[in-house]
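In what follows, a structure is listed as structure tokens, so that the remarks can point back to it.
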Amino acid sequence: MLASSHTCGFSFFSIPFYLHTSSTDIMTINSDKLVSTFLKLVQIDAVSLRERPVVDFLRERMDELGLFWIEDDGAVPYGGDAGNLIVQTHPGHEPVLFFCAHTDTVRPTRDLVPRIEDGVIRSSGDTILGADNRAGCAILLTVLEQIAAHPQQYPPAEFIFTFAEELGLYGAAALKPEHLRAREGYVLDSSRPPGQYVAQTPSFAALDIEMIGKPAHAGVEPELGINALNMAVDFLRDFPTGRINDNTVANIGVISGGEASNVVPGTISMKGEIRSFDMQELKQRVRAAADRAAEVAQRHGGSMRFKDKIEFEGFTIDPEEPVCTRLHAAMRALNLEPEPQVYSGGSDANIFNARGRRAINIGIGAKKPHSNEEHIAIADMEIITRLVLELLAGRY
């Protein structure tokens, strides 16, 4: 799947770039084209690991703009049909910043009929809109069009379009180090309004627990069975859920098993999670859950399987870090008041921060994501497009 194309219509090596200017030309965007691009993107049905149509759309636009791009093979182990798309604005030069959006939607947008009412784009109500995260893709594509038109006015940057974010940040995790060289960047994937950004997230551990007993006929010889449901109840009795303290929450959200009403349940599966702003506490609680499951299984004469996985590590962005002070200055230049937020979910920013790349997830205003009521204001897409341009063109 590894592919690359370098079809630049001009030479980045023969022109001086990043000649900062007060001209408004480099901050001017074509709102109609931004909306048109967004509408085209959301009408492409491409869920996680089936993102080839969206990636092809982006690749074709890069070729038209004469920009250098690489598509990696990161999706191959997952059976995906398209990898991460990496666009380098000034190949051969060290990138100053990176920007990221993901190409998948959490649910299909097949037969989507978008409508615009009072400056807000919605679906007809039968599907999601797909603003999460096609709005981010449309914004970054619009920025790339501006860079291609005024290459001297912007510093080198990387634009990353990741695959399968919705399944568990697969694309960001698969990204090779050589394809992300900038040390700082911004992810356009928060549903918060413009001005707000994610400054802190918890770490997240997924739990997959199976209590294994012994099936038997419940009406004839139940004493020959080992009831896995009783084992699960015993485990859950001492597994704390809900808000445990200021740092940590836990949940068991799926419980399944059993074969029939007249069979002693031989296997019960439980899926859950623990999230904590304290990684040490998170690991301790995962170990305690595993020990508890083993103790319960032994006492009942059964067995158990316990799997855990750190889906993402949390991060905290200090307001004095350059990645944050730059964002604050750019926001204020556009009359946005910066508002740091704590968010309990994850994004590609978690992967980047865990790898030493300081990244902030910026609010783009996509409201009610993952639902048929999802919508986004055109004005919010416009201001975030200008914000990205300001981050690049401003001297912060």
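Annotations for the structure displayed:
- Residue within region 315-328 that is in a strand (DSSP E or B), in contact with a helix residue (DSSP H, G or I) (Cβ under 7 Å, 6 or more places away or on another chain) and farther than 30 Å from ASN30 by Cβ present: yes
- Among (1) outside the structural domain of VAL286 (by TED's automatic domain parsing); (2) closer than 30 Å to GLN284 by Cβ - the single one GLY213 does not satisfy: (1)
- Any hit, region 144-165, residues being free of Cβ contacts under 8 Å to residues at least 24 places away in the same chain, of a type in the set (Gly, Ala, Ser) and over 24 Å from SER344 (Cβ atoms): yes
- Among the residues making up region 329-360, a single one is in contact (Cβ under 8 Å) with a residue 12 or more places away in the chain, among the charged types (D, E, K, R) and in a helix (DSSP H, G or I): ASP348.
- When each of LEU140, LEU85 is tested for being under 25 Å from GLU321 (Cβ atoms), at pLDDT 95 or above and aliphatic (A, V, I, L, M), the lone residue that passes is LEU140.
- On the stretch given as region 118-127, residues that are at pLDDT 95 or above, surrounded by fewer than 19 Cβ atoms within 10 Å (Cβ to Cβ) and not β-branched (Val, Ile, Thr) total 2.
- Restricted to region 333-349, and to residues there that are of a type in the set (Gly, Ala, Ser) and out of contact with any helix residue (DSSP H, G or I) (no Cβ under 8 Å at 6 or more places or on another chain), the residue that is surrounded by the most Cβ atoms within 10 Å (Cβ to Cβ) is ALA349.
- TYR343 meets all of the listed conditions (1) assigned by TED's automatic domain parsing to the domain that holds SER36; (2) modelled with pLDDT of 95 or more but one, namely (2).
- Of all residues in region 361-384, those satisfying the criterion of being part of a helix (DSSP H, G or I) and more than 19 Å from the chain's Cα centre (by Cα) are ILE378, ALA379, ASP380, GLU382, ILE383.
- If you go through region 167-197 and keep only what is surrounded by 21 or more Cβ atoms within 10 Å (Cβ to Cβ) and either within 26 Å of ASP73 (Cα to Cα) or not assigned by TED's automatic domain parsing to the domain that holds LYS368 (or both), you end up with LEU169, TYR170, GLY171, ALA172, ALA174, LEU175, LEU180, GLY185, TYR186, VAL187, LEU188, ASP189.
- The condition (being closer than 30 Å to GLU373 by Cα, more than 15 Å from the chain's Cα centre (by Cα), surrounded by fewer than 23 Cβ atoms within 10 Å (Cβ to Cβ) and in the same structural domain as VAL42 (by TED's automatic domain parsing)) is satisfied by just one residue among VAL96, VAL113: VAL113.
- Residue match in region 268-285 (condition: surrounded by fewer than 16 Cβ atoms within 10 Å (Cβ to Cβ), part of a strand (DSSP E or B) and of a type outside the set (D, E, K, R)): no
Conditions (1) more than 30 Å from GLU339 (Cβ to Cβ); (2) of a type in the set (S, T, N, Q); (3) in contact with a helix residue (DSSP H, G or I) (Cβ under 7 Å, 6 or more places away or on another chain); (4) free of Cβ contacts under 8 Å to residues at least 40 places away in the same chain, marked per residue:
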{"position": "ASN245", "(1), (2), (3), (4)": "no, yes, no, yes"}
{"position": "GLY253", "(1), (2), (3), (4)": "yes, no, no, yes"}
{"position": "SER269", "(1), (2), (3), (4)": "yes, yes, no, no"}
{"position": "ALA290", "(1), (2), (3), (4)": "yes, no, no, yes"}
{"position": "GLN298", "(1), (2), (3), (4)": "yes, yes, no, yes"}
{"position": "SER303", "(1), (2), (3), (4)": "yes, yes, yes, no"}
{"position": "PHE306", "(1), (2), (3), (4)": "yes, no, yes, no"}
{"position": "ILE310", "(1), (2), (3), (4)": "no, no, no, no"}
{"position": "GLU313", "(1), (2), (3), (4)": "no, no, yes, no"}
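- Among the candidates PRO222, PRO215, residue that is surrounded by 15 or more Cβ atoms within 10 Å (Cβ to Cβ) and not small (Gly, Ala, Ser): PRO215
- Test: residue in region 142-165 that is surrounded by fewer than 19 Cβ atoms within 10 Å (Cβ to Cβ) and among the aliphatic types (A, V, I, L, M): yes
- Considering only residues in region 201-238 that are assigned to a loop (DSSP other than H, G, I, E, B) and acidic (Asp, Glu), the one that is modelled with the lowest pLDDT turns out to be ASP238.
The values are calculated or read from the model by the stated rules, or taken from the named source; none is laboratory data. Quick caveat, the model's predicted, so the values are computed rather than measured. Don't worry about glycine lacking a Cβ; one is built from the backbone with ideal geometry, like all the others, and counts go over all protein chains shown.
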